[in-house]
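Here the structure comes first, spelled out in structure tokens, and everything after it is commentary.
The values are calculated or read from the model by the stated rules, or taken from the named source; none is laboratory data. This structure is a prediction, so every number in the text was calculated from the model and none was measured. When we count neighbours, we look across all protein chains shown, and the Cβ atoms used for this are built from the backbone with ideal geometry, even at glycine.
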Ligand code: KIV
């Protein structure tokens, strides 16, 4: 039996676009929850939050801690948690670690980056009723260098095959990261399950961005990101004012103090 929340996402295919964003903490998640169908606790937090150069050393414990914070503040969105690199190397580990993520965080699904070989992992997780989101194209856990994929005919064929293997394994959706528009369109149109694009054009069934990029906080603004706010400027202004007030003795005032 497909979970109700997952069915709602599946039913959006060819009807309405699926809105997704990342979150690593309850404070942002509570705001996103009103506007997003899916919230992803992505291992992009390695770069965005922990200042690492890649996602490779993120631990299960880190992903779980942040996901607990997010889960506490959301009511509506489907919560998906990234399985970090090396936590799904074989079926036994994948089952043990995915079960732990679900049990500790209360999330709805896990996301697994494809390496074109781990379809059986997805199949096994789905067989024990763990919903899985796939991820193809630029998969930072498995690829060293950033490259847009799907530009050549042979790449297009490989990506379509990979997406279909993931669908056959039972995933309920697939992230398409940095795939050329034509290929993203063909992948999307050929699948029954929805595709969620990042840097893969509007031809996908839904879109995801890293929230810190969209808010202008990360300093990472490739062409596929649109900055909807410049929070860096807003925070800078507020902190500058606070600093000035502290130095001039204008903060705290009597009403900020206890008798
Ligand atoms: O880790 C992440 O945030 C992701 C999204 C960019 C899809 O995988």
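So here's what we get for this one:
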quantity: Checklist (1) away from the ligand (no atom under 12 Å from the Cβ); (2) closer than 15 Å to residue 112 by Cα applied to residue 62, failing item; calculated: (2)
quantity: Test: residue 126 is outside any loop (DSSP other than H, G, I, E, B), within 16 Å of the ligand (Cβ to nearest atom), within 23 Å of residue 164 (Cα to Cα) and modelled with pLDDT of 95 or more; calculated: no
quantity: From 85, 75, 71, residue being under 23 Å from residue 9 (Cα atoms) and outside any helix (DSSP H, G or I); calculated: 75
quantity: Scan of the range 180-200 for residues that are more than 18 Å from residue 154 (Cα to Cα), within 15 Å of the ligand (Cβ to nearest atom) and assigned to a loop (DSSP other than H, G, I, E, B), ordered by number; calculated: 194, 199
quantity: One residue from 147, 96, 104 being assigned by TED's automatic domain parsing to the domain that holds residue 70, outside any strand (DSSP E or B) and free of Cβ contacts under 8 Å to residues at least 24 places away in the same chain; calculated: 96
quantity: Single residue of 82, 43 found to be under 21 Å from residue 119 (Cβ atoms), in contact (Cβ under 8 Å) with a residue 60 or more places away in the chain and buried (at least 21 other Cβ atoms within 10 Å of the Cβ); calculated: 43
quantity: Residue count, the range 1-53 (criterion: within 16 Å of the ligand (Cβ to nearest atom), assigned to a helix (DSSP H, G or I) and farther than 16 Å from residue 204 by Cβ); calculated: 7
quantity: Out of 163, 109, sole residue that is more than 18 Å from residue 187 (Cα to Cα) and crowded, with 22+ Cβ neighbours inside 10 Å; calculated: 109
quantity: Positions within the range 163-179 being assigned to a helix (DSSP H, G or I) and within 16 Å of the ligand (Cβ to nearest atom), in sequence order; calculated: 163, 166
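Per-residue answers, yes or no, for (1) buried (at least 17 other Cβ atoms within 10 Å of the Cβ); (2) within 23 Å of residue 40 (Cβ to Cβ):
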| position | (1), (2) |
| --- | --- |
| 118 | yes, yes |
| 122 | yes, yes |
| 129 | no, yes |
| 145 | no, no |
| 150 | yes, yes |
| 167 | yes, yes |
